[in-house]
1. So in the chain, what percent of DSSP beta bridges are antiparallel if you round to the nearest 5?
2. Expressed as an acute angle from 0 to 90° and rounded to the nearest 10, what is the orientation of the C-alpha long axis of helix 233-242 relative to the principal long axis of the chain?
3. Could you work out the relative contact order of the chain, using alpha carbon pairs under 8 angstrom and six or more residues apart, expressed as a whole percent?
4. Once label points are set 7 Å from the Cα along Cα→Cβ at both Ser380 and Asp172, what is their separation, rounded to one decimal in nm?
5. Specify whether the C-alpha gyration tensor of region 11-150 places it in the rounded, prolate or oblate class, a ≥ b ≥ c being the square roots of the eigenvalues: rounded for a/c under 1.5, otherwise prolate if a/b is larger than b/c and oblate if not.
6. Only helical DSSP H runs with n ≥ 4 go in: add -39500 (n - 2.57) per run for the chain, normalise by residue count and round the 222 nm mean residue ellipticity to 500 deg cm²/dmol.
7. So for the chain, what percent of the C-alpha to C-alpha distances run longer than 30 Å?
8. Net charge near Ala162, counting Lys/Arg +1 and Asp/Glu -1 over other residues with Cβ under 14 Å of its Cβ?
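Every read-out reported here was derived from the displayed coordinates using simple, explicitly stated rules and does not represent laboratory data. Since the structure is predicted, the reported quantities are computational estimates derived from the model, not experimental observations. Every residue, glycine among them, receives a Cβ derived from its backbone with ideal geometry; neighbour counts consider all protein chains shown.
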Amino acid sequence: MLGVAFTTGVLLALVGGTDAHRCVAPGSLVSKMLGQLDRSVSDTKPPNPSVLLAMNLAGGSGSSANQLLLRLIQEEAVKKARGRMTSGQVALLVLALLSSCKNPQQVQALGQSINLVHVLQQKTDEEVASLETVGVPSTTLFSVSLDALALCLVRAGGYESAAVALARQVLDPKKTIDVDTRAMAVQALVCAYGHADLQSVQDLLWKAVSGVTNDLLDEQERRGGLIGNIYSMGVALQALETSSKFYAPRQWDCEQAFDVVYRHDYQQPMAIAQVLPALVDKPYLQAASVNCDASTTASPDQGFSPPPSLETTKEHEAATIEVHYCILNTLIGKHFNNCTSVEVPAGSVLLKVLEAAEKKEPDTFSFKTEETFWGPMVVSIHGLAANPQDRTYWEFLSGEDALEEGVGTYKPHNMEHILANFTTY
Ligand code: B12
């Protein structure tokens, strides 16, 4: 009896290093999300590599939407990767193609061919050079994490210096780095750790990953399962799924964190694309290990509906709501601080408020947006444009709190005070 118990104990301990606490979402939720991703694909919209990556990781590579998206992404790669695309955007293309079992070093489409890995190496080198000289990347640390992860998965040179630079950033006590970015860094660092030869590099990577993951676990414990905000959960869960040996012997209560995700009804394809891989326990780190022959087609929605949550909006009593809207620049050039009140139909997204304000006082509240995979991003207000080189942007707040969604999805309530503040990141 003792022998059996001992053997079982040893087996559990052996397995425990990596597999102690696996959580996987119900199949009905996975099918529902795969269906949402399928329906987001269209040949009239820019193809989203995060969507292809998530579909493939979740076993949805057999659908016609998946095949269409793969073709559009290959075309996008040959047309745009060398030019304006940021390093992180190229990294997402590489990850998406790897997850479709395509060779990113030889992408062929439209009669052209491109070595995406080579392009990514060049763009990553620029990011690392910027980090080393001015202490910030040319784009974002989130992008650099994607870069290091993609290069590491294809074992291409350049990932180690990116990973080392990332590790130094996350360990720097003077830097405040958001949860999403630190979580994304974890997967890159875990990959690099697995291939690091130098003890000093291994020690640095270990310290960074165990520091970040313990912080994520502390936050989950403090906040009843929530890590960052509801849209950070996808990358946070992916990080914790890949790093159990870095926080051992501490255990992760994955059920508690998954429950937080189950209570939210994700609608944006981009949000689903980050959370779905975590829900099937197939983080981005596994992008190069997808079995492309064993795909299941997304079956039509099987009726998963999230449990009723506090986020469900109440029936609006009034047909219109009044929203107070201010724009503030105390950062550069001629400072300004203008406010107005506008009425919009109840249930409108914030974009409608900005449009109503512009219509009322075009000289003051004019604005511009740019389409991104998260929806429209406000890039200019009152003639003052955000500039990635200066790291300036228009931040949106409700009262004192930064909004957790953009103007295309956030729905203000009656008498809410919205502030657009020109600031830096
Ligand atoms: C870095 C970052 C930013 C940077 C982008 C800087 C830059 N030039 O790249 C800055 C600080 C400007 C930013 C701003 C905002 N962000 Co932001 N951002 C991120 C982060 C951490 C990484 C994005 C990234 O680098 N991706 C990798 C690259 C390769 O992909 P990409 O498609 O090229 O990235 C572009 C978009 O992501 C876009 N972008 C970044 N954030 C947002 C937010 C919205 C609403 C939109 C439409 C676009 C957008 O900027 C990138 C460059 O063009 C993500 C985290 C995540 N989980 O994805 C949050 C994230 C996307 N941001 C978020 C939010 C809420 C915002 C703000 C609305 C915050 C606020 N209160 O003002 C604002 C946007 C306001 C506006 N003007 O419209 C949410 C979006 C959630 C949602 N459901 O919509 C995320 C998921 C963070 C979170 N967990 O809350 N962000």
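1. Within the chain, antiparallel bridges account for around 85 percent of the total.
2. 10
3. 16
4. Label at Ser380, label at Asp172, 3.1 nm between them.
5. In terms of gyration-tensor shape, oblate.
6. -15500 deg cm²/dmol
7. Considering the chain, 48 percent of its Cα-Cα pairs are separated by more than 30 Å.
8. -3
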